[in-house]
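Some notes on the structure that comes next.
The values are calculated or read from the model by the stated rules, or taken from the named source; none is laboratory data. Since we're looking at a predicted model, the values are computed, not measured. Note that we place each Cβ from the backbone using ideal geometry, even for glycine, and neighbour counts take in every protein chain shown. What goes into the accessible areas is simple: the full protein's heavy atoms, side chains included, and nothing from ligands, DNA or RNA. Shrake-Rupley method; radii C 1.70, N 1.55, O 1.52, S 1.80 Å.
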Amino acid sequence: MVEILRNIVFNIKAMLCDNKPKKRNIQPIYLFEKINRLIAISTATGDFYHISPQTYNALKKWQAMITASKNFLNEDGLIVLAKNCNIPRNIIKNFPSPWKKHIIEKGQHAKSHLTDLTLNLTSECNLKCIYCWNDQGKYTNTCFAQDQSYQKENSTKNNNMPVKTALKAIDLLVKSCTEDKNLVLDFYGGEPLMNLKTLRAAVAYCRKNEQLWGVKFHFLLATNGTLLTPSLAEELIDQGVQIAVSIDGPASVHNKNRPFVDKTGSYEKITANLKNMPEKILKRLVGRTTVTPYYADMSELYHHLRNLGFERIELFESEDACHKINPQRESVFFHTREQYDNLCKEYEKLAFLYIDEVVNGKLDYAKTFFNRFFKLMQRLYYNYELTGGCPAAKGQIAVSSNGEIYPCTSFLGIKEFQIGNIESGIDKAAYKKFVNTINQRFNFCKNCFLFSLCRSTGSCLNMNHYFNGNAAKPHKQSCRLFQEKLKLAIAALSILTEKIPDKIEELFGFDPVGKRGNELY
């Protein structure tokens, strides 16, 4: 019997279409084993189930028979094969023919639903991290020909965003949002605390007008922590700013990854700031670690952040921290087979650690709000209708320090992806061109067994652009890694549902931003 992970069966409302059957048989089921769990996923609906070994083996046999069949199998044909494998009808009904339910058209025709704005307050930074994509004041991708006049102009400009640029960007966000009134303002850099004037002005402007506009703002700030004094942290937190501090592990690891511009280590400065934080403030901060192949023990990195006093923790690999790519930065990716396999093993260890922390009451929703692995589980758990993969341009935009508009932070400085500027607004032609380009990703992804869950989100559009010369064509390494994370998240969710069934809702919470995330990502 199929043991359903949740009290309600996940029901993604898929688009029905009259496509003619493909010549080859498409598997209606995807099976895998991960962290001692046997899981079956419907490739049509995205529903997933924890199953017994007996059921797993029977479904595996059914899979093999479908693959071996030389004749095209319709719904009835699949049922006949299932009977030959002694699989009950009530199980097979959970795995309908995948060609009957499609979500591609929904993703391709999803309307713009702008809720997120990233303000790149400055392109200046006092650190020079080994994986960073900020070329000391210029956002470029050196493996692609860039507009040289733009680079020259940008290198001589004041790289701090003026207050008026930030306020105009906020006006654009408010004007563009529709029924969703929970808006997110993400402060980014460079090091955003190097432009406190604009940061403070933006927060004050939003708080002053949100009642008038009928919206609610949520603020996110990523900082390297060197300028985050206790008084500043308290000031920002009092204004509702969620603050994430980057620290990459013990001093020897962190200082190699994140030195000051003069190549001296930054660990001592950051930890000195943390030691002076009042406990109530420190508990509100998020500790973020970027993991590289040089030190990939995620469990130890987690414990290190714990020992520094963080309760809210996020870990992610260097690929997720680097948007502008060149051979030097690519060298700190998990790019060899050995490194990749090791990363997958570390994620498995981390998943077990997270499970233990939750079961023992050390992790709950308030402490996992920033955590990408928990966000993935949250989205799987609620399983809202998705608008179609990555939200770049459709759900979010990024504004550079000089007021240029891009689909997201990953494309800052790559002129071919600019979709407007704050003075004239979004360029409709450039916007349409970008959306038409990235919508092609659904055609690349549609035959993937995990498409019903991933929706082409597994590969960053700029990674696609760099490695494949096409923002729509998935980067295979990224897809493989996301596949591993997806499997781990499903298996972990299965274990937690079994161990703490009465606390699942409490664990994932249901805040407006979390709900919006389900719809957009």
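Place the peptides 373-379, 34-40 in order of packing, highest mean first, counting for every residue the other Cβ atoms within 10 Å and averaging per peptide.
Per-residue mean Cβ counts within 10 Å order the peptides as 373-379, 34-40.
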* Please give the length that would be gained between LYS197 and LYS503 if that part of the chain were fully extended, namely 0.36 nm times their separation in residues minus their C-alpha to C-alpha distance (nm, one decimal). => 105.9 nm
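Using R₀ = 60 Å, calculate the FRET efficiency as 1/(1 + (r/R₀)^6) where r is the Cβ-Cβ separation of ASP262 and GLN54; round to 0.05.
Working from the Cβ atoms, E equals 0.40.
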* Asked: Where does each of 120-126, 344-350 land if you order them by average Cβ count within 10 Å, highest first?
  -> 120-126, 344-350
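Output needed for the range 349-440: three equivalent-ellipsoid semi-axes, defined as square roots of 5 times the C-alpha gyration tensor eigenvalues, in descending order, whole Å. Before the final figure, lay out the partial values.
Working: eigenvalues 266, 47, 23 Å².
Calculated on Cα positions only, the semi-axes equal 36, 15, 11 Å.
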* To do: Would you calculate the separation in nanometres between label points at LYS362 and GLU234, each defined as 7 Å from the Cα along the Cα-to-beta-carbon direction?
  => 2.9 nm
* Please give the length that would be gained between LYS433 and LYS208 if that part of the chain were fully extended, namely 0.36 nm times their separation in residues minus their C-alpha to C-alpha distance (nm, one decimal). => 77.4 nm
* Structure fact -> quick shape note, the range 206-301: Cα extents on principal axes in Å, largest first -> 50, 27, 26
* To do: Express the carbon and sulfur contribution to the solvent-accessible surface of the range 160-286 as a percent, rounded to the nearest whole number, probe 1.4 angstrom.
  => 53 percent
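Taking 41 Å as R0, compute the FRET efficiency from the Cβ-Cβ separation of GLU75 and ASN307 and round it to 0.05.
Efficiency, from the Cβ-Cβ distance: 0.15.
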* Asked: For the modelled label position 7 Å from the Cα of ASN126 along Cα-to-Cβ, which residues of the range 216-230 have backbone nitrogen atoms closer than 11 Å?
  -> 224-229
* If you stretched the chain out fully between ASN342 and TYR382, how much longer would it get, using 0.36 nm times the residue separation minus the C-alpha to C-alpha distance? -> 11.3 nm
